[in-house]
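Worksheet: the structure to be examined is printed underneath.
The values are calculated or read from the model by the stated rules, or taken from the named source; none is laboratory data. The structure presented is a predicted model; accordingly, all values stated were derived computationally and were not measured. Virtual Cβ from ideal backbone geometry, glycine too; neighbours counted across all protein chains shown.
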Amino acid sequence: MVDEILIKQSQINIVSVVTNNSSSVVAFSPSDLSGLIAWHKSDVGITIGTGVATWADQSGNGNDFGQATLGSQPAYNATDAQYNNKPSISFDGLADSLKITNLAYGPMTIISVCKVTTYPGANGYWYAHGGLEYLYSTTSFSMYTDGRSGAASAKDYAANWLVTTTPNIYVRRFDGTSAGDTLRISRSDISLSTQLAGNPGTDIVTSDFTLYAYAGGAGTSPGTIAENIIYNRSLLTAEVQQVEAYILSRYNI
């Protein structure tokens, strides 16, 4: 008989179940939430060629990141002090990128533990749907979503907002509407200015999803990443906070 359930979110996100006079502790995993379609963490699933050739999906859906071109494979760091001495992947800003081929989603939540170290031109962090969806460090359309049945949504933030010397947690959520196209950085919701107030809709789109480069590998940016998590729905804030607590416990970020 379960007498009491205690849920805590602190350094470690746990569920403690007290049964009669005994208890057990279960660690939270991103896979505990529904809609997980891609989950990549840098301490598992790495295949090395010249650099990182494949970053295997841990969600069970086979949505691996890959890079077949040897000169465009990012470097693997076996330990990185900025990520609590866990591994990371480094992109040089010259040619490096990783891509998931034919990732399908409508609404989304994309959670990244990463940094972009400089901002060359209009380059940014991730791109999808043939460039009709992206997140990059500019004051003109910092976030953009289009290519569904509705009209485009575009939001702006501060100049060079992605550029940082230390990693952050970035959460972009999209529920099909402009109002539900939101950004959160390191556990704080960000106030954005609306440039295009269209509601793109919830149609499922299938496209390549590229890290640190435009689709096709052009327009690269330098930086590092330790983990990337994608859901095919807009998570509730309480659910996002569960994932953020999990990230805090792993990376102290």
Checklist entry - Out of (1) farther than 12 Å from Ser142 by Cβ; (2) crowded, with 16+ Cβ neighbours inside 10 Å; (3) in contact with an Asp or Glu (Cβ under 6 Å, 6 or more places away or on another chain), what's the single condition that is false for Gln195? => result (1)
Checklist entry - In segment 180-191, which residues are farther than 17 Å from Ser112 by Cβ and either of a type in the set (Asp, Glu) or touching a residue at least 12 places away in the same chain (Cβ under 8 Å) (or both)? => result Gly180
Next on the checklist: For segment 85-98, which positions are in contact with a strand residue (DSSP E or B) (Cβ under 9 Å, 6 or more places away or on another chain) and surrounded by fewer than 24 Cβ atoms within 10 Å (Cβ to Cβ)?
Outcome noted: Asn85, Lys86, Pro87, Ser90, Asp92, Gly93, Leu94
Checklist entry - Across segment 198-226, which residue is nearest to Asp43 (Cα to Cα) among those that are surrounded by 15 or more Cβ atoms within 10 Å (Cβ to Cβ) and of a type in the set (A, V, I, L, M, F, W, C)? => result Ala226
Checklist entry - Is it true that some residue in segment 230-244 is surrounded by 19 or more Cβ atoms within 10 Å (Cβ to Cβ), of a type in the set (A, V, I, L, M, F, W, C), touching a Phe, Trp or Tyr at 6+ places or on another chain (Cβ under 7 Å) and part of a loop (DSSP other than H, G, I, E, B)? => result no
Next on the checklist: Being within 21 Å of Lys99 (Cβ to Cβ) and assigned to a loop (DSSP other than H, G, I, E, B) is true for just one of Tyr170, Tyr214, Tyr144. Which residue is that?
Outcome noted: Tyr214
Checklist outcome for this item: Scanning segment 140-189 for residues that are of a type in the set (A, V, I, L, M, F, W, C), surrounded by fewer than 17 Cβ atoms within 10 Å (Cβ to Cβ) and modelled with pLDDT of 90 or more gives Ala151, Ala179, Ile185
Item to check | Condition check for Ala104: modelled with pLDDT of 85 or more, surrounded by fewer than 23 Cβ atoms within 10 Å (Cβ to Cβ) and within 24 Å of Val240 (Cα to Cα) | outcome: yes
Checklist entry - What number of residues within segment 107-139 satisfy the criterion of being at pLDDT 80 or above and over 15 Å from Leu211 (Cα atoms)? => result 3
